[in-house]
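Visitor: Dropping the structure in here first, questions after.
The values are calculated or read from the model by the stated rules, or taken from the named source; none is laboratory data. In this text the structure is predicted, and so the values were computed from the model without any measurement. Cβ sites come from the backbone with ideal geometry, for glycine too, and all protein chains shown count toward neighbours. Accessible surface areas use protein heavy atoms only, side chains included; no ligands, DNA or RNA. Shrake-Rupley method; radii C 1.70, N 1.55, O 1.52, S 1.80 Å.
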Amino acid sequence: MQDLTCDLCIIGAGSGGLSMAAGASQMGADVILIEGHKMGGDCLNYGCVPSKALLAAGRQAHRVAHPGRLGVAPAAPEVDYAEAKDHVARVIDTIAPVDSQERFEGFGVRVIREWGRFSDPDTVVAGDYRIKARRFVIATGSSPFVPPIPGLDGVSYHTNETIFELREKPSHLMIIGGGPIGLEMAQAHRRLGCEVTVIEGARAMAKDDPEAAAIVVQSLRDEGVTIVEGAQATAISEGPDGITVETPEGSHTGSHLLVAVGRKVNIDRLDLDAGNVAHDRAVKVDGRLRSTTNRKVYAAGDAAGGMQFTHLAGYHAGVLIPQILLSLPSKAKTAHIPWCTYTSPELAQVGLTADEAIREHGRDKVEVVRFDYHENDRAIASGETKGFVKVAVVKGKPVGATIVGAQAGELISMWAMALANGLKMRAISNTVLPYPTLSEVNKRAAGAYFSPRLFESDKVKKIVRLVQKYLP
Ligand SMILES: Cc1cc2nc3c(=O)[nH]c(=O)nc-3n(C[C@H](O)[C@H](O)[C@H](O)COP(=O)(O)OP(=O)(O)OC[C@H]3O[C@@H](n4cnc5c(N)ncnc54)[C@H](O)[C@@H]3O)c2cc1C
Ligand SMILES: NC(=O)c1ccc[n+]([C@@H]2O[C@H](COP(=O)([O-])OP(=O)(O)OC[C@H]3O[C@@H](n4cnc5c(N)ncnc54)[C@H](O)[C@@H]3O)[C@@H](O)[C@H]2O)c1
C-alpha cells in the first residue's frame, strides 16, 4: 500500500469530478482524481452524448420521411440501425479526449484508475493507494435504478448502459418509464424504424409543465409511439413471442426491453460509514454541498442527491472550488438551473412552472404570459410552428419559463440568464434580436407582459394625448 497526500481528492471522473479537477488543478491545487470505470462518466459514455447522437440519427431519418410542405418530396429512409449506433460510438470517441486521463495528467492531476472507498474519516483507499487529503469531493454519479419487478431478473433487458451498444435493430422496443430517458429513446428508435411502446406507471414527463409535456407526448404518439400512462409494470416474462410486461391496464409484448425508471446514486462502493459521511439515497449535504457529518467531505453532481444534469454537476464544481481552494463561502442554488428534454419538439424549463409559481407565490402575485410559435415568422418559414413559451412573472421578474418547440433547449438560455442574474422582464423586452429568429418568441413573451400595461392603459393614453396637444 502506497501512501499519498494531496490538497483535494476527487472520487469519480464524470461531469462533476472532471470540472472540479480541471478547475482546482489549474488554480494551483494538488489534486488526485479516482475513477473506477470510464473517464467521462455517464454523460459521455452512457448518457447525454450517446442519447443526443442517436436522436440526431433519428431526426435525419424523420426529415427524409416527413420533409413537411416545403416542396421536397418525402422518401422512405433507408435506415441502417447498426450504422446509426456506429455514429453514436464515433461521437463518443470524438469527445472522449477532452475527458481523458492524458488531458488531466497534463493539468498536473494524478489520476488513479481504481474504485475508491473511505477507510476512515480522513482516508480514501483506491487499489494500492491510501490517500489522505485536506478535502474530498464525492462525485460518483448514478446508475440505472433496476426496480424489483417480478420476473425482470429472468429476462434480457437493457438500460442506458447497454442500449447504445446494441447493433441489432429491435423490431419492437418496449420501454418501462416515460421520463426523459424513456421518451428520448422512444422517439429515436421510432424514427429509426422500430415499433415502440412506452409503459409509464404515472404520467409521462411528470416533472415538467403538464401543458408542455402533453405536446411532447402527443407528438410522439402522432409519430406512432404507443405511450401507455397510468400503467405500472408489475410482472415481466419472456416467451417465444418475446418479452411481456404485465400492467394492471393490460400486457404488452415486444422484442426488446429498456428499463428507464430513474437512477440510483453510486454510493454502495464508498463505505461512507467508515468515512463518517451521512447518507440516505445520496450523500447528505448542506446548502454548501458539504457533508453534514464529515466537514472534510463534499459532494457534487448526482451524488449530492438533487437534480441530475451534467450542467448542474459542472455548476456544483463552480460552487465548491471557491470554498475548497480559497475558503470563500458559496452556496448551491437551484432556482436558476435549466433543463431540456431533447425530443422533437424539445421541452425546456428553468425555474418554476406556472403551476409551481402560483403554488409558491399565490395566484394574485403571479402573472403568466405566453407566446406561441405559430405567430413567429421564422417558425412559419421553417414549418416548425408547434410550441409555445410560457413565463411566470412576479413583480416584474421572471420566476420560471417553459418552452416547448423547436430548439427550446437553445431558447431557454435567455430565461436562464435572466433568472441567474435577477433580471427583470424589461431586460428581455429591451434586447434587440435579429429578425427573423426563433428567439423572438422570448421577446414577444416579454412583450405580452408589457402590452396590456402600455396599450390598454387609460393613463398612458391620457399622457400621450396631453403631450400631443402641446407638441409643435
Ligand atoms: C440516458 C441519459 C441521458 C442523459 N442526458 C442528459 C442531458 O441531455 N443533459 C444533461 O444535463 N444530463 C443528462 N443526463 C444526466 C447526466 O448524465 C448526469 O446528471 C451527469 O452525468 C452526472 O454527473 P456526475 O459527475 O454526477 O456523475 P457521472 O458523470 O456519472 O460520473 C461519475 C463517475 O464516478 C465513477 N465512480 C462511481 N463510484 C466510484 C468509486 N467508488 N470510485 C471511483 N469512481 C467511481 C463512475 O464510474 C463515473 O465515471 C443523462 C443521463 C442519462 C442516463
Ligand atoms: N435531456 C436530459 O437532460 C436528460 C435526459 C435523460 C435523462 N436525464 C436525467 O436522468 C434522470 C433519470 O431519467 P429517467 O427517465 O430514468 O427517470 P425519471 O425518474 O425522470 O422517469 C422515470 C419514470 O418511470 C416511471 N416508473 C417508475 N417505475 C415504473 C414501473 N414499475 N412501471 C412503469 N413506470 C415506472 C416513473 O413514473 C417515471 O415517470 C432524469 O431525472 C434526468 O435528470 C436528463
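Visitor: With just the Cα atoms of region 114-191, tell me how far they stretch along each of the three principal axes, in Å, largest first.
Guide: For region 114-191, the Cα spread along each principal axis is 52, 28, 23 Å.
Visitor: Another question, then. Keeping every protein chain present and rolling a 1.4 Å probe, give me the accessible area per residue for region 268-378 in Å².
Guide: On the way: 5360 Å² over 111 residues.
For region 268-378, the solvent-accessible area averages 48 Å² per residue.
Visitor: Let me know the volume per residue of the alpha-carbon convex hull for the chain, in Å³.
Guide: Spread over its residues, the Cα hull of the chain gives 190 Å³ apiece.
Visitor: Considering only C-alpha atoms, what is the centroid distance from region 397-441 to region 219-247, in Å?
Guide: Each part reduced to its Cα centre gives a spacing of 38 Å.
Visitor: Another one. From the phi angles alone, apply the Karplus equation (6.51, -1.76, 1.60; θ = phi - 60°) to region 158-164 and give each ³J(HN,Hα) in whole Hz, x where the residue is Gly or Pro.
Guide: 10, 10, 5, 7, 10, 5, 7
Visitor: Now for a different question. Find the centroid of the Cα atoms in region 331-367 and in region 47-116, then give the distance between the two in whole Å.
Guide: Region 331-367 and region 47-116 have Cα centres spaced 29 Å from each other.
Visitor: How much accessible surface area, in Å² rounded to 10, belongs to the heavy atoms of ASP458 with a 1.4 Å probe?
Guide: About 110 Å², ignoring ligands and nucleic acids.
Visitor: For the pair GLU229/SER451, report the inter-label distance in nm, with labels modelled 7 Å from Cα in the Cβ direction.
Guide: For the pair GLU229/SER451, the computed spacing is 2.9 nm.
Visitor: With the Cα gyration tensor of region 318-370 giving a ≥ b ≥ c as the square roots of its eigenvalues, does the rule (a/c under 1.5 for rounded; else a/b larger than b/c for prolate; else oblate) give rounded, prolate or oblate? Mind showing how you got there, number by number?
Guide: Working: a/c = 4.88, a/b = 1.61, b/c = 3.03.
Because a/c hits 1.5 or more and a/b fails to exceed b/c, region 318-370 counts as oblate.
Visitor: Here is a further query. Using only DSSP helix segments of four residues or longer, with each worth -39500 (n - 2.57), what per-residue ellipticity at 222 nm results for the chain after dividing by its residue count and rounding to 500?
Guide: On the way: 14 runs with 160 residues, N = 472.
Calculated at 222 nm, the ellipticity per residue is -10500 deg cm²/dmol.
Visitor: Now a separate question. Please give, to one decimal in nm, the separation of the simple spin-label points placed at ASP153 and ILE95, each 7 Å out from Cα toward the Cβ.
Guide: It is 3.4 nm.
Visitor: Quick check: residue separation of LYS38 and LYS424 times 0.36 nm, minus the Cα distance between them. What number comes out in nm?
Guide: On the way: separation 386, 0.36 × 386 = 138.96 nm, distance 4.30 nm.
Contour length minus the Cα-Cα distance gives 134.7 nm.
Visitor: So what J values fall out for region 40-52 if you push phi through Karplus, 6.51 cos²θ - 1.76 cosθ + 1.60 with θ = phi - 60°, rounded to Hz, Gly and Pro as x?
Guide: For region 40-52, the Karplus curve yields x, x, 5, 4, 6, 8, 9, x, 3, 5, x, 5, 6 Hz.
Visitor: Treat region 145-263 as a sphere of radius equal to its Kirkwood radius over Cα pairs and apply Stokes-Einstein at 20 °C in a medium of 1.002 mPa s; give the translational diffusion coefficient in µm²/s, rounded to a whole number.
Guide: 152 µm²/s
Visitor: Carbon and sulfur together cover what percent of the accessible area of the chain at a 1.4 Å probe radius?
Guide: Values: 11570 of 22200 Å².
Carbon-and-sulfur percentage of accessible area, whole number: 52.
Visitor: Working with all protein chains in place, sort THR5, THR253 by solvent-accessible area computed with a 1.4 Å probe, largest first.
Guide: Details: THR5 110, THR253 60 Å².
Ranked list, largest accessible area first: THR5, THR253.
Visitor: Tell me, in nm to one decimal, what length is gained between ASP241 and ARG359 on full extension, where the rule is 0.36 nm per residue of separation less the Cα-Cα distance?
Guide: Values: separation 118, 0.36 × 118 = 42.48 nm, distance 4.80 nm.
Gain in length upon complete extension: 37.7 nm.
Visitor: Moving on. Once label points are set 7 Å from the Cα along Cα→Cβ at both THR293 and LEU328, what is their separation, rounded to one decimal in nm?
Guide: Reported label-point gap for THR293 and LEU328 is 3.2 nm.
Visitor: At a Förster distance of 51 Å, what's the computed FRET efficiency of LYS264 paired with LEU471, Cβ-Cβ distance as r, to 0.05? Each step should come with its number before you reach the end.
Guide: Working: r = 70 Å, r/R0 = 1.37.
It comes to 0.15.
Visitor: Using only the Cα atoms of region 338-458, build the gyration tensor, take square roots of its eigenvalues as a ≥ b ≥ c, and label the shape rounded, prolate or oblate: rounded if a/c is under 1.5, else prolate if a/b is larger than b/c, else oblate. The partial results should precede the final answer.
Guide: On the way: a/c = 1.70, a/b = 1.24, b/c = 1.38.
Here region 338-458 falls in the oblate category.
Visitor: From the P(r) of region 47-188, could you give the percentage of C-alpha pairs in the tail past 26 Å?
Guide: Details: 4904 of 10011 pairs.
Of all Cα-Cα pairs in region 47-188, 49 percent lie more than 26 Å apart.
Visitor: What accessible area per residue, rounded to a whole number of Å², is obtained for region 1-155 using a probe radius of 1.4 Å? Intermediate results must be reported in sequence, preceding the final value.
Guide: Values: 7250 Å² over 155 residues.
Here the residues of region 1-155 average 47 Å² of exposed surface.
Visitor: So, one more: Order TYR157, TYR449, most accessible first, counting only protein heavy atoms with a 1.4 angstrom probe.
Guide: Greatest to least solvent exposure: TYR157, TYR449.
Visitor: Another question about this same structure. At most 10 other C-beta atoms within 10 Å and a DSSP loop state: those are the exposed GluC sites (Glu not before Pro) I care about. Give me the longest piece of the chain that has none.
Guide: 169-455
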